[in-house]
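The values are calculated or read from the model by the stated rules, or taken from the named source; none is laboratory data. Predicted model only: the values in this text are computed from it and were never measured. Cβ sites come from the backbone with ideal geometry, for glycine too, and all protein chains shown count toward neighbours. For the accessible areas, the whole protein counts, side chains as well, though only heavy atoms, and no ligand, DNA or RNA atoms are used. Shrake-Rupley method; radii C 1.70, N 1.55, O 1.52, S 1.80 Å.
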Amino acid sequence: MKTSKDALDSSGPSEFPEAPEPPRRSVNMVAGTIGHFVEWYDWYIYGLLAAVFAGQIFPSENPFASLVAALLTYAVGFVIRPLSGIIISPLADRYGRRLILTLSISGMALGSLIIGLTPSFATIGYAAPVLFLVARILQGISAGTEQQSAIAFMVEHAPANRRGLFGSFSNMASGLATLAATGSAAIVTSSFAPAELAAWGWRIPFIIGGVLGVAGLILRARSDETPEFEAAALVDKKSAWARLKDLIREHPKALLQAAALSAPAVAYYTWATFLPTYAKLTTGRDLSSTLAGSVIGLVLLVVIVPVCGYLSDRLGRRKIFPIIGAIGMIVLFYPLLLLLNQPGFWVYVLVSASGWVVLGIWQAVYPTIQAELFPASVRVAGIGFAHQIVIAVFGGTAPLIAAAFVGAGQPMFVAYYMIAIVTLSLIVYFTLPETGSKGGRATVAPADPEVLEGEHLLLEAPHGGIQTKESKA
């Protein structure tokens, strides 16, 4: 029987045994993409409508204080995310991506329904903000396991020469979710009178999100586990805790690189959830018009992400996309926010769309690069450990910090803050390996002995049974 060393010593990918064709690939891609869409629709709608429901759930004599209280509750979900990412992600490496993805969408949908159905502070008093807090904790746990599990699920189901494209589907789904959430917010804010909107109109998008979550749950429950996980699981039976220790001990550089790839999320969350409010607070623009303008800009993001993902399979990943995307953010953020001081709907559209272009170039490829940095046995834990800590520190606090800058009379500090973080990320990008490959590489990671050995075991099972490391010992 061949060992993993035998496989790695072969002269080329053509000599590796090919894993069985992933069953129902199109069904799995739909389950992963739609489920990811529902997860992030439910997540983003809170930040977009916080200014509307803040007075109903977090009443105060000062409207700005109510908004800050709502955004602090929003940030709680981000604080929970790294804890969930660290604790639960290794379980996806031990027990499978599909199980964790099914559980994550359940928690996100339940949280959205709680928010949409919670009575106002005037009706149930302090139980209202407490229920919102519980909902955000549930959503934080779900979001803390979603991103990295979905990335692994999508990339591991992809053909070897299309991993960039399939990996981009996760962020395309995030973009579609942001677009749908922004569109929903724009519809309700323009369709209802202010009193009706504040009383109950804002609840509609949350209830829709909860119902969509049930549909996503059904799809994910019917999807297949990834062949690469199944192959690795035959060889590696380590506990989740042992995997986490292996990750920290053996992959510190990859963790730093994965964290840097996620760090520009500070700009993503500012653009996605606070830019309309920023324009309202700094220039007096109507919230419904800024939300409509953001929808137009987001269309570009949804188009750019899969196109760049497709190109990364042919041109390579590191040299073009994260580096150019980061440079674009550094160059454009300050003048874009400065331009926002000019009046006009189309000025806002230009600002929003320009930001989404450079964010899309970065977003398209970083999920696939992150997946390719780690072997299958610690892939979800590796991405989750790095991504969720960064998101908690920079992403979740982005709207709150931006609001604080605006409240202090220094709105342009928002640009300085984003530029500083992206600049630090860019420095790390120059250390990234080129993980893209035009060939039919046998594993997602450039070399993953356990997956290769597991694929040999799967092929040899009918003839001599399957041996694991434990049985060999």
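Quick rundown of the values:
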quantity: Segment 200-220: number of residues that are open to solvent by 10 Å² or more (accessible area, probe 1.4 Å) and under 14 Å from Tyr46 (Cα atoms); calculated: 4
quantity: Top-ranked residue of segment 26-52 - restricted to ones that are more than 14 Å from Arg203 (Cα to Cα) and of a type in the set (A, V, I, L, M), ranked as surrounded by the most Cβ atoms within 10 Å (Cβ to Cβ); calculated: Val38
quantity: Pairs where the first residue, in segment 300-326, is more than 20 Å from Leu432 (Cβ to Cβ) and the second is of a type in the set (Ser, Thr, Tyr), C-beta under 7 Å, 6+ apart; calculated: Pro306/Ser168
quantity: Test: residue in segment 400-408 that is in contact (Cβ under 8 Å) with a residue 60 or more places away in the chain, within 17 Å of Tyr278 (Cα to Cα), in a helix (DSSP H, G or I) and not aliphatic (A, V, I, L, M); calculated: yes
quantity: Segment 280-326 - residue that is under 23 Å from Ala364 (Cβ atoms) and of a type in the set (D, E, K, R) and, of those, surrounded by the most Cβ atoms within 10 Å (Cβ to Cβ); calculated: Arg317
quantity: Filter result (more than 29 Å from Ala402 (Cα to Cα) and over 25 Å from the mean Cα position of the chain (by Cα)) within segment 301-353; calculated: none
